[in-house]
Amino acid sequence: MFSSLSPLLLTLLLLLLDKVIPVTSNVAAAPTADLSPPFVSAKTFVDGVLSSSSDDDSTCSISSTSLKKVYGCCDSSYQPQIIGDMPQFTTSQALAALTSSEKAWNGGSGEWPTMSLKGRIEAIQNFIVELKTKREEIVNVLMWEIGKNVGDAESEFDRTIQFIEMTIEAIQNNASNLFDKTFQTISTTNALVRRAAIGIILCLGPFNYPLNETYATLIPALLMGNVVLMKIPTVGGLAHLLTMEAFAKTLPPGTINFISGPGRETMPPLMSKGTIDGLAFIGGSRAADDLMKTHPEPHRLKVFLQLEAKNMAIALPNIFEPENTSALKNTLDEVLLGSLSYNGQRCTALKIIFIPKDQGASFASQFAQRVQQLRIGFPWQSHEHGKYSQITPLPNARRVQYMKELIEDATSKGAKIINENGGTIVGGSESTLMIPAVLYPVTPDMKVYEEEQFGPIVPIVEYDSIDTVLQYGREGKYGQQVSIFTASNDDVLTSLVDSFSNIFGKININSQCGRSPDTLPFSGRRSSAMGVMSVTDALREFSVPTVISYKEKKEEEGMTARIVEGVKQTSNFMQDI
């Protein structure tokens with residue numbers, strides 16, 4: 001019913017709705033007592049050598065490497081705070097790290113790749129023990145560097161540990177028949193199918209989940225016997241410095257090497273050498289494309305990618321029928337969580353909301369009311385009833401500037417910021433604490449309609465027909481997930497599910513998008529992903545099936561079978577777990 005109103009009347013109506021349903025700001029005052037900021041000293045870890053002092057003069061040591069100050073998102077005065085130093089590798093130092101990886105791999109004959117699977121599991125279990133001693137430090141760094149609140153930072157660490165343990169358990173229990181325990185007979189062939197390493201894996205993780213997302217690729221790769229060359233992210237990298245000691249204590253030299261500093265200077269030379277066998281990349285598609293192109297033999301590069309997304313939330317018309325108030329409430333609640341958890345800085349976040357045209361203004365107002373109630377403050381800050389901030393500072397000024405550009409573009413083309421103070425920066429020009437902006441109505445000519453905002457902006461789009469929604473899904477660049485909200489299992493829902501099954505990796509009904517549980521496949525299409533992430537799928541992604549087979553002839557009287565059984569008793573590769 002609002003579609004025929006002029007922009008002026010629409011604005012007046014929204015203001016009136018604001019008067020009927022009072023909206024209050026929930027920005028917390030700066031705490032009088034600040035949580036002590038961490039300081040993470042620079043470290044390097046290459047070829048099994050952990051360097052943290054200037055006394056070491058090896059190629060990749062601290063004394064041989066320039067350092068860059070790392071700033072936290074902000075302190076209680078809303079100013080950036082130095083919280084650590086990050087080594088800045090040169091091209092030659094990065095190549096030295098690759099040389100260490102090549103030596104550790106040794107054409108597949110290195111200590112780690114030839115170790116029994118049982119032995120590798122024991123080493124990673126020892127790593128878990130060491131890593132747990134760093135929990136408090138890592139949680140504190142996640143808060144200060146990338147703005148995760150206490151609960152989310154603790155959850156990231158704990159979920160990472162759980163993922164590692166679940167992965168080990170999946171191997172030990174032979175989940176999804178990953179490994180044959182005995183020979184199988186197929187016609188005249190006896191065969192044992194196991195999985196073996198790919199080789200040297202270049203691993204690049206994201207800033208938003210520097211531990212959890214990175215380890216979802218790194219740990220399966222290691223368990224399968226691969227050697228890993230780890231590029232520390234420019235933002236969110238301090239947590240990785242805190243893990244180096246645990247790796248140094250538990251893994252053979254060269255099994256994992258760390259590279260830090262500017263990716264444009266270090267990554268292309270590594271890839272162009274041609275000895276990297278696999279790429280595990282979580283980040284932007286453009287950077288992934290550029291990196292893959294530098295490999296001299298791209299056909300032999302095993303690629304695993306988790307990239308951008310523009311996940312849709314679609315509210316079907318039946319949600320707004322008078323008898324479906326509980327369904328509408330669930331939609332509002334789930335869209336709020338899905339779009340603004342961790343400031344919207346999740347690949348699985350809901351990044352564009354489609355609402356029937358005659359319900360757009362009403363939904364936008366009700367949604368804005370909920371946004372106003374979000375707790376805004378510092379990551380460590382406790383609010384009423386001991387609850388932590390839900391909206392926290394963005395990691396750096398560049399993210400703030402991009403949010404401003406998207407908002408300015410949308411408002412210049414007719415969108416309104418529906419919530420009070422939406423898009424405002426709290427604390428002055430140096431602050432990165434931004435109040436979320438709810439934009440309505442968003443139209444196809446606006447940047448935020450197509451671009452992944454990856455931040456606290458919620459664009460609300462009106463649709464006339466379900467064909468508009470289908471077209472957006474079909475023609476969009478990305479294909480990770482979609483959330484459909486409905487109060488009934490009508491034909492519209494069925495048609496969307498059937499159409500979207502060939503577009504998205506996951507279809508969520510009446511719930512926000514998400515990766516969990518980790519036992520389910522996490523995939524995507526188009527420019528959103530290549531490969532599948534889960535406890536068992538990641539093990540497959542970073543390994544290849546290898547078959548041991550023989551044919552038994554009558555005249556041999558079981559000779560070959562006895563030989564093979566003898567090898568099975570002594571072989572690390574064929575050894576039972």
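The values are calculated or read from the model by the stated rules, or taken from the named source; none is laboratory data. Worth saying up front: this structure is predicted, and the values here are computed from it rather than measured. As a convention, Cβ positions derive from the backbone with ideal geometry for all residues, glycine included, and neighbour counts pool all protein chains shown.
Things worth noting here:
- Counting the residues of the range 73-123 that are touching a Leu at 6+ places or on another chain (Cβ under 8 Å) and either part of a helix (DSSP H, G or I) or farther than 30 Å from PHE39 by Cβ (or both) gives 10.
- Test: residue in the range 29-49 that is modelled with pLDDT under 90, in a helix (DSSP H, G or I) and touching a strand residue (DSSP E or B) at 6+ places or on another chain (Cβ under 9 Å): no
- Checking each residue in the range 137-158 for being among the charged types (D, E, K, R) and closer than 19 Å to PHE247 by Cβ picks out GLU137, GLU156.
- Among residues of the range 489-522, those that are in contact with an Asp or Glu (Cβ under 9 Å, 6 or more places away or on another chain) and more than 19 Å from ARG159 (Cβ to Cβ), counted: 2
- Any hit, the range 450-461, residues being assigned to a strand (DSSP E or B) and either without any contact (Cβ under 8 Å) to a residue 24 or more places away in the chain or within 26 Å of GLN81 (Cα to Cα) (or both): yes
- Set side by side, the residues ILE503, ILE484 differ, and just one is modelled with pLDDT of 95 or more, assigned to a loop (DSSP other than H, G, I, E, B) and under 28 Å from GLU213 (Cα atoms), which is ILE503.
- Of all residues in the range 198-229, those that are over 18 Å from PHE522 (Cα atoms) and either in contact with a His (Cβ under 7 Å, 6 or more places away or on another chain) or without any contact (Cβ under 8 Å) to a residue 24 or more places away in the chain (or both) total 0.
- Residue match in the range 331-342 (condition: assigned to a helix (DSSP H, G or I), surrounded by 22 or more Cβ atoms within 10 Å (Cβ to Cβ) and polar (S, T, N, Q)): yes
- Every condition in (1) assigned to a loop (DSSP other than H, G, I, E, B); (2) surrounded by fewer than 19 Cβ atoms within 10 Å (Cβ to Cβ); (3) touching a helix residue (DSSP H, G or I) at 6+ places or on another chain (Cβ under 7 Å); (4) of a type in the set (D, E, K, R) is met by GLU154 except one, and the failing one is (1).
- Long-range neighbours under 7 Å by Cβ, at least six apart or interchain, first residue not assigned by TED's automatic domain parsing to the domain that holds ILE259 and charged (D, E, K, R) within the range 32-46, second at pLDDT 80 or above and assigned to a strand (DSSP E or B): LYS43/LEU50; LYS43/SER51
- Each residue in the range 462-479 was checked for being hydroxyl-bearing (Ser, Thr, Tyr), surrounded by fewer than 24 Cβ atoms within 10 Å (Cβ to Cβ) and either under 26 Å from the mean Cα position of the chain (by Cα) or not in a helix (DSSP H, G or I) (or both), and 3 pass.
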